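Have a look at the structure below before the remarks.
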Amino acid sequence: MRTAVLLALVLFGAAPAWAAEEPSGCDKFKWPIDRARAALTAPDRAKLASGGELASLPSSGVTLALVVPADARLPTPPERAPKEGTFAGFASIKTAPKAGLYTVSLSSGGWVDVVQDGHFLKPKAFSGATDCDGIRKTMKYELSASPLVLQVSGTKDNSISIAILPAE
């Protein structure tokens with residue numbers, strides 16, 4: 001009996017530390033998200049199947065249809081292996097963007113790989129929060145003036161909205 005009570009106390013004590021890892025609410029992002037959130041929820045978002053190509057960076061958001069990881073045929077294996085029961089997909093952007101700092105924002109949780117010149121780009125900054133309608137996470141990447149591939153994996157839904165915008 002004592003063991004069960006002690007275990008319950010330990011678990012209740014650990015819950016606030018776990019919850020602190022996931023900020024909640026739109027005001028918890030590290031930088032302004034209004035523009036990205038508007039792009040992710042715009043009614044005129046382009047729809048793209050996994051493996052689709054975009055001529056250039058879209059000025060608004062894109063809804064990317066995803067498939068099970070085995071069918072996604074990601075050009076580069078993701079840096080984080082997708083969990084069972086999740087979805088994945090990718091889009092190629094053929095025209096090189098202007099070199100600079102960009103935000104890559106997602107409407108829901110998932111793993112993002114940005115690949116340019118055959119190399120994974122590491123995000124310069126990351127911010128995310130739960131309970132913010134329309135946006136779940138946003139990352140800043142330094143893009144060069146060359147085509148890129150955006151891969152998304154580990155999502156719970158079979159589609160996701162993505163916005164790639166010049167950083168403010």
Quiz prompt | Model label zone, residue 125; criterion: amide N under 14 Å from point 7 Å along Cα-to-beta-carbon; scope the stretch 90-109 | solution = 101-105
Quiz prompt | Antiparallel DSSP beta bridges within the chain, percent to nearest 5 | solution = 85 percent
Quiz item: Using a 1.4 Å probe on the protein chains only, how many percent of the accessible area of the chain belongs to carbon and sulfur?
Solution: 59 percent
Quiz item: For the modelled label position 7 Å from the Cα of residue 24 along Cα-to-Cβ, which residues of the stretch 117-145 have backbone nitrogen atoms closer than 15 Å?
Solution: 129-133
Self-check item: With DNA, RNA and ligands ignored, accessible area of residue 56 (1.4 Å probe; Å², nearest 10)
Solution: 60 Å²
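What is the percent of Cα-Cα separations in the stretch 33-114 that go past 15 Å?
Values: 2057 of 3321 pairs.
So the portion of pairs separated by more than 15 Å is 62 percent.
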Quiz item: Roughly how many whole Å is it from the C-alpha centroid of the stretch 20-58 to that of the stretch 77-134?
Solution: 11 Å
Quiz item: Whole-Hz Karplus ³J(HN,Hα) for the stretch 104-110, in order, using 6.51 cos²θ - 1.76 cosθ + 1.60 and θ = phi - 60°, x for Gly and Pro?
Solution: 10, 10, 10, 6, 9, x, x
Practice problem: Pop a pseudo-label 7 angstrom from the Cα along the beta-carbon direction at both residue 44 and residue 84 and give the gap in nm to one decimal. | Solution: 4.5 nm
Quiz item: the chain: D in µm²/s via Stokes-Einstein (Kirkwood Rh, Cα pairs, 25 °C, 0.890 mPa s)?
Solution: 145 µm²/s
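Probe of 1.4 angstrom, ligands and nucleic acids ignored: what's the accessible area per residue over the chain, in square angstrom?
Details: 9550 Å² over 168 residues.
Per-residue accessible area for the chain comes out at 57 Å².
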Practice problem: Could you work out how far helix 2-20 tilts from the main Cα principal axis of the chain, as a 0 to 90 degree angle to the nearest 10? | Solution: 30 degrees
Quiz item: Fully extended, how many nm does the chain gain between residue 55 and residue 108 (0.36 nm per residue separation, minus their Cα-Cα distance)?
Solution: 16.6 nm
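The values are calculated or read from the model by the stated rules, or taken from the named source; none is laboratory data. In this text the structure is predicted, and so the values were computed from the model without any measurement. Cβ atoms come from the backbone with ideal geometry, glycine included; neighbour counts cover every protein chain shown. These accessible areas exclude ligands, DNA and RNA; they are computed on the full protein's heavy atoms, side chains included. Shrake-Rupley method; radii C 1.70, N 1.55, O 1.52, S 1.80 Å.
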